[in-house]
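Take a look at the structure set out below.
The values are calculated or read from the model by the stated rules, or taken from the named source; none is laboratory data. Just so we're clear, the structure is a prediction, and the values are computed from it rather than from any experiment. Don't worry about glycine lacking a Cβ; one is built from the backbone with ideal geometry, like all the others, and counts go over all protein chains shown. Ligands, DNA and RNA are excluded from the accessible area calculation, which covers all protein heavy atoms including side chains. Shrake-Rupley method; radii C 1.70, N 1.55, O 1.52, S 1.80 Å.
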Amino acid sequence: MTPTAPITQDVLTIPRKLPEGKVNLVGLTREGLSAALIAAGTPEKQAKMRTGQIWQWLYQWGVRDFNAMTNLAKGYRADLAERFTIDIPEVVNKQVSADGTRKFLVRIAGGHEVEVVYIPETDRGTLCISSQVGCTLTCSFCHTGTQKLVRNLTAGEIIGQVMLARDDLDEWPKPGEGAGERPRLISNIVLMGMGEPLYNFDNVRDAMKIAMDGEGISLSRRRITLSTSGVVPEIARAAEEIGCLLAVSFHATTDAVRDRLVPINKRWNIETLLGALRDYPRLSNSERITFEYVMLKDVNDSDEDARRLVRLIAGIPAKINLIPFNEWPGSPYERSDWVRIERFADIIYKAGYASPIRTPRGEDIMAACGQLKSATERARKSRAQIEAETGR
Ligand code: SAH
Ligand code: SF4
């Protein structure tokens, strides 16, 4: 038997291993990209210029082949290709709804899947992106909430969703063209897909910084909306560090009902949430907070609810987005009747707030709000259902 050496000694004598595998450049901030280039041997004096050049290829023109980066010397391109990759998530399935909505099922490292939805409208095109695989929260009306959290997406996987949609829409300007030379198909981004973006703050922030960068995708911060279920301690940070618009999944006017619908309310209740919204640093009439309100039959849709809602949000520049509930297999609620939704909208409108009713989009392909769930999860569920039904 060979005597075992003390473990501590082993640890101390084995040199720290260099990270294996290539580093993905997608999702690094400008500073991160610069640091990665320097670590790979780019002279510090050149790092800023090289960062700018590579950034432009990646995010202005959507080029993902080092060899096509023609303003870099051939040898340098080869060095880059040896050390780095340019990876975005892979589209494994695309569905197009009768109304033009496109839903992408996207596979990320580890074989996990998230969904991304593109919604074309006459005056805009909105891309709804995901921030997590699944969600730790368990809002009782949300399909994603029935899927456990698998993991946070990386910044590269978040901005990668924008990049793959631009690929699909053939929206990248050609190399040499500026950002403003083509009509924008993706004019808005909403963080309203799977997951709670404020529970993956740093990655969401870094990805949105890339989306807003003027020498790249170049979307205005006012065209990015982050939707949160109400993670109060992170709300002010969203204003300060991202500067985007905010939407809040409000959905109820009493704590008793909100506790049931949006369980994070047990941690930060309506009053605490409203306090944070009143302090939202960018509050002004042109940058109103969107209150999302899902219309659930006989649960939160009475006239009294509408009046209470108006009283609660008094003083906050707001618009109320009414979302007719989108059903999913096994969902425990029903959508409010259309006349009820209109009556609710009317009370809010008469109190001086915009109260648009969100038209469900892509319902035929299960792409509407709150219906997203990875296909494998859905299949697992239906297999479980089949097994239950057949008594196996
Ligand atoms: N996790 C974040 C963002 C994703 S959900 C949040 O909760 O805000 C985007 C919006 O769709 C939220 O307002 C959410 O409450 C709503 N939603 C979820 N499930 C829904 C459903 N089945 N029908 C209608 N809206 C739903
Ligand atoms: Fe998560 Fe948002 Fe769904 Fe709630 S509504 S479970 S926070 S994705």
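Taking every C-alpha pair closer than 8 Å and separated by at least 6 residues, the mean separation divided by the residue count of segment 19-85 gives a relative contact order of 41 percent. The stretch between T138 and E241, if pulled fully straight at 0.36 nm per residue, gains 34.4 nm over its current Cα-Cα span. Rounded to 0.05, the FRET efficiency of the Q95 and I38 pair, given R0 = 51 Å and the Cβ-Cβ distance, is 0.75. Please figure out what share of the DSSP beta bridges in segment 90-385 is antiparallel and state it in percent, rounded to the nearest 5. Beta bridges within segment 90-385, antiparallel portion: roughly 50 percent.
Once backbone amide H atoms are built at 1.01 Å from N, D87 has L25, V26 as its partners under 5 Å, excluding neighbours fewer than 5 places away on the same chain.
Surface analysis of segment 175-283 yields an accessible area of 38 Å² per residue, using protein heavy atoms and a 1.4 Å probe.
With protein chains left intact and a 1.4 Å probe, residues in segment 59-112 average 51 Å² of accessible area per residue. Between Q46, Q56, Q161, the GNM of the chain built on Cα springs shorter than 10 angstrom shows Q46 fluctuating the most.
The calculated FRET efficiency for the pair D255 and T122, based on their C-beta separation and a Förster distance of 51 Å, comes to about 0.80. The charge dipole of the chain, taken about the Cα centre with unit charges on the Cβ atoms of Lys, Arg (+1) and Asp, Glu (-1), comes to about 420 debye, rounded to the nearest 20.
Extending 7 Å from the Cα toward the beta-carbon at both R343 and E177 defines two label points whose distance is 5.2 nm. When you filter the trypsin sites (Lys or Arg not before Pro) in segment 122-165 for DSSP loop state and at most 16 other Cβ atoms inside 10 Å of their Cβ, you are left with R124, K148.
Across all Cα atoms of segment 19-85, the radius of gyration (one decimal) and Dmax (whole number) stand at 10.8, 30 Å.
Our analysis of segment 90-385 gives Rg over Rh at 0.95, with the two radii drawn from alpha carbon positions and Rh computed by the Kirkwood formula.
Surface composition of the chain: carbon and sulfur make up 51 percent of the accessible area, probe 1.4 Å. When the C-alpha to C-alpha distance is required to be over 27 Å, the pairs from K48/K174; K266/K319; K94/K319; K22/K148; K148/K266 that qualify are K94/K319; K22/K148. Per residue of the chain, the DSSP helices (runs of n ≥ 4 H) give a summed -39500 (n - 2.57) that works out to -9500 deg cm²/dmol at 222 nm.
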